[in-house]
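Structure first, then comments.
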Amino acid sequence: MSLTKIFLRYYPPGIALNYQQNNGDEYMQHIDLLDLTKNTNPDEIVRKILAGDYNESQVVPASTSNNNNIDIISPHEDRALKKAIAKLQRKLQEPTKKKFYIHTRSDAHILPLTNVAFDRIGERCLTGSYDRTCRIINTQTGCEEHVLREHNNVVFSVAFNLPKCDRVVTGSFDGTAKIWSASSGLCRSTYVGHTGEVVAAVFHPINSKTICTASMDSTARIFDVETTQELQNLTYHGAEVITTHFSRDGNLLLTGSFDRTAAIWDIRSESLIAQLRGHTAELSNCVWNFPCDLLATGSLDSTACVWDMRQLDKALYHIGDHTDEVLDVAFDSTGKRLATASNDCTARVWDVKGDLAMLSIMLGHTDEVSKVCFSPAGGILMTASADATARLWLVESGLCSQILAGHEGEVFSCTFNYSGDIILTASKDNTCRLWR
């Protein structure tokens, strides 16, 4: 058996090793390197891989064979492994002094934007709007590639099917979700059944064969992409469902609701696993971390909670340091740090592996902070605020490294592309801006 290819995942760091046996069967070993830093000794990681005892490795067949009992690669291939790990380490050395400048501005929407999203590599972005359209924009030229027009009300949710990014899903206040061809802009299918506004719509992360929608009708629903058939109707929540996320492997679903709870569902058995109780007001967001061993909830009760998947009857950590509503929560790419955004004009970063500790507080916004996101490498936090700015902060110190000014209204959304070298901001001034 021989190692034929090494695939790198930069954010969060990981490698996939492709082996081929003498009979032609291929196997893929996936290894998450979530503890990798620029100071990690590559020799130690390679030693563990070669010994076959790396505790985060997983071996799965890449062909139809059922034989999973394979040998780990031989020591003579360690040079290629060391080069691969060194390349991952270089990617983690984020240029914290980098400045972003306006690249393009899109003002095609005639009403305020709702949400935005990048494709996998940042070549295209999506914008949803109160003008009932979604637009696909080329980030290199700033030109519209397609206008998706068939909704009869606000387009609130937009997303690509990662990583292929050949389809777009939109969720609308007209009570439907639609899937579109990203190359032609044509509507491929419409998904009906909700009796209220659809405020979230996401693809299954593994095969994109299903979508999940969340609605103000207090339900989340799972649809078959090809047939448009409703497969599951998740009805346990007692109020509006405002967000939904699949787990990394696509087997679990997380929903957050105005009923003050989040819920975890097993998609395979169509059953409710747990309802997370503890907040005293509506949820603003809920998210998994990358390994899906933790999840976080933010609430209008001015708190955020971190939950351990091994014990869901109570929160692992209760974060009560904000003095006003918590409007957003976001993990970094490794899942070890959590950012919270608040109506108290601040954002905070927390170390959530081990004992809870506040790492930094971001002070400087003059109005509510409605959105937070980490750069892919994790050294920068970006915030969006009602003070018409987005800001970049050094995570370790909390110092502001740049103010992204120019919008004429509330900046309610911001995101990095996968490489971290393009920023997208969206505002109630009806525009989105691309920064490089």
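Just so it is clear, none of the values below were taken in a lab; they were calculated from the coordinates. Since this is a predicted model, take the numbers as computed values, not measurements. Here the Cβ is made from the backbone with ideal geometry for all residues, glycine too, and neighbour counts use every protein chain on show.
Compute the separation of the alpha-carbon centres of segment 330-361 and segment 170-192 and state it in Å as a whole number.
Spelled out, the Cα-based centre of one part sits 35 Å from the other.
How far is helix 42-51 tilted off the main Cα axis of the chain, in degrees rounded to 10, range 0 to 90?
60
How would you classify segment 182-337 from its alpha-carbon gyration tensor, with a ≥ b ≥ c the square roots of the eigenvalues: rounded for a/c under 1.5, else prolate if a/b is greater than b/c, otherwise oblate? Write down the numbers at each step before the final one.
Details: a/c = 1.79, a/b = 1.59, b/c = 1.12.
It comes out prolate by the Cα gyration axes.
Any idea what the dipole of the chain comes to, in debye rounded to 20, about its Cα centre with Lys/Arg Cβ at +1 and Asp/Glu Cβ at -1? Walk me through the intermediate numbers first.
Values: 41 positive and 52 negative charges, 279 e Å.
Using only the charged Cβ atoms, the result is roughly 1340 debye.
Mind listing the phi-derived Karplus ³J(HN,Hα) values for segment 88-95, rounded to whole Hz, using 6.51, -1.76 and 1.60 with θ = phi - 60°, and x for any glycine or proline?
My calculation for segment 88-95 gives 4, 5, 5, 5, 7, 7, 5, x Hz in order.
Counting other Cβ atoms within 10 Å, keep those with at most 16, restrict to DSSP loop, and tell me which GluC sites (Glu not before Pro) in segment 371-436 are left. Intermediate results must be reported in sequence, preceding the final value.
Details: sites: E396, E408, E410; in loops: E396, E408, E410.
Those that pass, being in a loop and sparsely packed, are E396, E408.
For A159, list long-range residues whose amide hydrogen, built 1.01 Å from N in the peptide plane, is under 5 Å from its own amide hydrogen.
Placed amide hydrogens put V169 under 5 Å from A159.
Going by amide H atoms built from the backbone, whose H comes under 5 Å of the H on D328, apart from near neighbours?
A341
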